[in-house]
Every structure is written in structure tokens, then in C-alpha cells.
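*Asks:* Can you keep this structure in mind? I'll have questions shortly.
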Amino acid sequence: MMKAKYRGFSLLVYLFTCATSFAAQPVIEYQYQIVEQFQHDPQLFTQGLEFHDGILYESAGQRGASQLLSRTLDNPTPLQQHSLDKRYFAEGITLLKQQLYQLTWQAQQGFIYNPSTLEQTAQFTITGEGWGLTNNGEALIMSNGSSQLQFIDPVSFKTLRTLTVTFENNPVEKLNELEWVNGLIYANIWQSQWIIMIDPDNGQVVGKVFLKDILPKHQRNPKTDVLNGIAYDRAKQRLLVTGKYWPTLFHISLTPITKD
């Protein structure tokens, strides 16, 4: 009987451990501080940002105005610039293994560029709409405006897996611009000032920050649109954000909000 009891106790411990491991992770809320500000072209309908080796890459949307450009932080004048055919609406970008990938919105088409020259070197097909794009060093990670992220093979462009993003067990819709930051996926929620941090293994939101009033009223006009654009400078650990038709790009730092 004692052995049976021990077996039963061991089973309970095992089940409790499993249940704990699948429980929702605590969500850390952050406050932001503006560290530095840079000029941003207010004519750009920002859809994607990427920063690498001192160069900021930006994808701008709208049919007839979609483009890809590179610049330094200190000077908004493009170093290189590539315009897309007017039928395309450019979306997210990411740099993976010395290739720059760019999505389009509804054409189910993507493009690959040489990051030094922005010369198009190839194109690929995606399924559904393209919104945001990032990578984990191996796979492309794409959003489509829903609560799901697709992990895509960068060679075959087949979907490797689909991840549903949840907050307190509820799906998070309107995932848009993406950025991989220290093992987490940062995502902008379209038409909001929220950025969330996502565990790439289980899809749970583990952090969030509300960028309320980051663009001051005196910098806004009737054309100013929503927050959109996240880039991470890994070398200097700088988080960069901007928005559609914004005149400013911000370097921000995040601090956890402590609750008494």
C-alpha cells in the first residue's frame, strides 16, 4: 500500500508541475522614456523598420508611393532608394543572412534585396496578406493582421508553423509591425499605441508598453497616422519606433512599472 501511495503522490506532483508549466506567464507592463529623437521623413507611410550595422532600412507603403530605402540615423536623406511598381503596397521588412526581405499587402508577393545596394535579387510568394515581418535568425516570422504569426522557411517559403498570440488566454488581433528583440517578438497592435512582447514558443504575451502621447500634438497634422515601425539596434541595444507620416523617429528605453 505504501508503494501505491507513493506512486499516487508522484503522479500528483507530476500533474501539478505540468499544470504550472502551462499556466499563463506573468505580463510585465513597462513605461517608456524618450532617450533621443531623430528626424523622420513625414512623407513616408511607414510599414517596416530594420536597423543593422549603423543603417536604418525602411519600407513605406501606399500604392504608387511604395518604396524601400536606407539611411543613417543622423540624416533622413536616403543613401539608397528603391521604388516598387505602382500595383504593390509595400509592408514589413527584415534582414536575414545578408538578404533583405520585403512583404507586400494583398498581392501575395514578396521581394528580396541586396541590403548594400537595394537591388532586387529575387521574389517569392506568400499565402494571404502580408503585414509585419521579422526573423529569429533561422525563419521569417510574418503577421497578417490577425492573431496568428507564421514562421516561414526563407528558402522554400513554406510555412513551418503557425503561432496564435494570446493575452490572458484570449487571442490578440491586429498584429502588425514585428521585431525580434532578445528572444522575444515585439509587435505593434494596429491602430493603437500598444507594443506587446510575445513568447515565440507558446504565443503568450509576456510584456506590454503603451506609448501614449509619444508624438506630441504640435508635431501632428491632419495627415499624421498611427504608430507603426519598430527597429532594434542590437549593437547598442537601442529600441527605435516611429509612425506613418511622422516627422520624428524615437529611441526609447523601457522600465518595468512596479506595483505597490
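*Asks:* Taking a probe of 1.4 Å, how large is the accessible area per residue of the chain, in Å²?
*Replies:* 51
*Asks:* Test of understanding: in a Gaussian network model of the chain with alpha carbons linked when under 10 Å, which of Leu175, Leu68, Leu79 would top the mean-square fluctuation ranking?
*Replies:* Maximum fluctuation in the GNM of the chain, among the listed residues, is at Leu79.
*Asks:* Taking a 1.4 Å probe, which of Leu184, Leu95 shows the most accessible area, and what order do the others take after it?
*Replies:* I get Leu184, Leu95, largest accessible area first.
*Asks:* If amide H atoms are built 1.01 Å from N in the plane of the peptide, which residues on other chains or at least 5 residues away come under 5 Å of the amide H of Asn228?
*Replies:* For Asn228, the qualifying residues are Thr242, Gly243, Lys244.
*Asks:* What are the semi-axes of the equivalent ellipsoid of segment 88-169, taken as the square roots of 5 times the eigenvalues of the Cα gyration tensor, listed largest first and rounded to whole Å? Before the final figure, lay out each step's value.
*Replies:* Working: eigenvalues 95, 38, 24 Å².
Equivalent ellipsoid semi-axes, largest first: 22, 14, 11 Å.
*Asks:* Starting at the first residue of segment 120-135, write each ³J(HN,Hα) from the Karplus equation 6.51 cos²θ - 1.76 cosθ + 1.60 with θ = phi - 60°, in whole Hz, x for Gly and Pro.
*Replies:* 3J(HN,Hα) across segment 120-135, in whole Hz: 6, 10, 6, 9, 8, 10, 10, 9, x, 7, x, 10, x, 8, 8, 7.
*Asks:* Which whole-Hz couplings ³J(HN,Hα) result when phi for each residue of segment 221-232 is put into the Karplus expression 6.51 cos²θ - 1.76 cosθ + 1.60, θ = phi - 60°, listed in order with x for Gly and Pro?
*Replies:* Going residue by residue, I get 8, x, 8, 4, 10, 7, 4, 5, x, 10, 9, 10 Hz, with x marking Gly and Pro.
*Asks:* Mind checking the dipole of the chain: about its Cα centre, +1 per Lys or Arg Cβ, -1 per Asp or Glu Cβ, Debye to the nearest 20?
*Replies:* 580
*Asks:* Run the 1.4 Å probe and let me know the accessible area of Arg234, rounded to the nearest 10 Å².
*Replies:* Result for Arg234: roughly 120 Å² accessible.
*Asks:* Another one. In deg cm²/dmol, rounded to 500, what helix-only [θ] at 222 nm does the chain give when every DSSP H run of at least 4 residues adds -39500 (n - 2.57) and the total is split over its residues?
*Replies:* -2500 deg cm²/dmol
*Asks:* Name the long-range amide H neighbours of Ser66: under 5 Å, sequence gap of 5 or more, or other chain; modelled H, no Pro or chain starts.
*Replies:* Leu84, Ala90
*Asks:* So how do Val241, Val206 rank on accessible area, 1.4 Å probe, biggest first, that is with the largest at the start?
*Replies:* The ordering from most to least exposed comes out as Val206, Val241.
*Asks:* State the dimensionless ratio Rg/Rh of segment 145-210 (Rg: radius of gyration of Cα atoms; Rh: Kirkwood radius). Don't skip to the answer; put the middle values down first.
*Replies:* Values: Rg = 11.7 Å, Rh = 12.1 Å.
Reported Rg/Rh (Cα atoms, Kirkwood Rh): 0.97.
*Asks:* Of the candidates Val226, Val205, Val155, which one comes out as most mobile in a Gaussian network treatment of the chain with C-alpha springs shorter than 10 Å?
*Replies:* Fluctuation is largest for Val155.
*Asks:* Taking all protein chains as present, what is the carbon and sulfur share of the accessible area of segment 38-100, in % to the nearest whole number, probe 1.4 Å?
*Replies:* 42
*Asks:* For segment 28-160, what does the equivalent ellipsoid look like in terms of its semi-axes, each the square root of 5 times an eigenvalue of the Cα gyration tensor, given largest first in whole Å?
*Replies:* In descending order, the three semi-axes are 23, 19, 15 Å.
*Asks:* Return the label of the correct value of semi-axes √(5λ) of the Cα gyration tensor in Å, as calculated from the structure shown, out of (i) 35, 19, 17; (ii) 36, 23, 16; (iii) 27, 21, 17.
*Replies:* (ii)
*Asks:* Would you calculate the convex hull of the Cα atoms in segment 128-260 and tell me its volume per residue in Å³? Kindly include the intermediate steps, with their values, before the conclusion.
*Replies:* Working: hull volume 18.2 nm³, N = 133.
In segment 128-260, the Cα hull volume divided by residue count equals 137 Å³.
*Asks:* Moving to a separate point now. Please report the spacing between the Cα centers of segment 56-121 and segment 185-214 in Å, no decimals.
*Replies:* Going from one Cα centre to the other spans 24 Å.
*Asks:* Does anyone have the angle between helix 2-21 and the longest principal axis of the chain? Alpha-carbon axes, 0 to 90°, nearest 10?
*Replies:* 20
*Asks:* Using each residue's phi in segment 101-108, evaluate 6.51 cos²θ - 1.76 cosθ + 1.60 at θ = phi - 60° and report the 3J(HN,Hα) Karplus result to the nearest Hz, with x for Gly and Pro.
*Replies:* My calculation for segment 101-108 gives 9, 9, 8, 10, 6, 10, 7, 6 Hz in order.
*Asks:* A further question on this structure: With r defined as the distance between the Cβ atoms of Arg63 and Ile34 and R0 fixed at 30 Å, what FRET efficiency is calculated, to the nearest 0.05?
*Replies:* 0.35
*Asks:* Quick one: how many Å² of Arg220 are accessible to a 1.4 Å probe, rounded to 10?
*Replies:* In the full protein context, Arg220 sits at about 100 Å².
*Asks:* If you don't mind, there's one more thing I want to ask. For Lys97, give me every one of the lysines with a C-alpha distance below 19 angstrom, ignoring sequence neighbours fewer than eight places off in its own chain.
*Replies:* Lys158
*Asks:* In addition: List every residue whose amide H lies under 5 Å from the amide H of Ser146, counting only residues 5 or more places away in sequence or on a different chain, with H placed 1.01 Å from N in the peptide plane.
*Replies:* Lys174, Leu175
The values are calculated or read from the model by the stated rules, or taken from the named source; none is laboratory data. In this text the structure is predicted, and so the values were computed from the model without any measurement. Neighbour counts run over all protein chains shown; Cβ positions are idealised from the backbone, glycine included. Please note that ligands, DNA and RNA were not included when accessible areas were found on the heavy atoms of the full protein model with its side chains. Shrake-Rupley method; radii C 1.70, N 1.55, O 1.52, S 1.80 Å.
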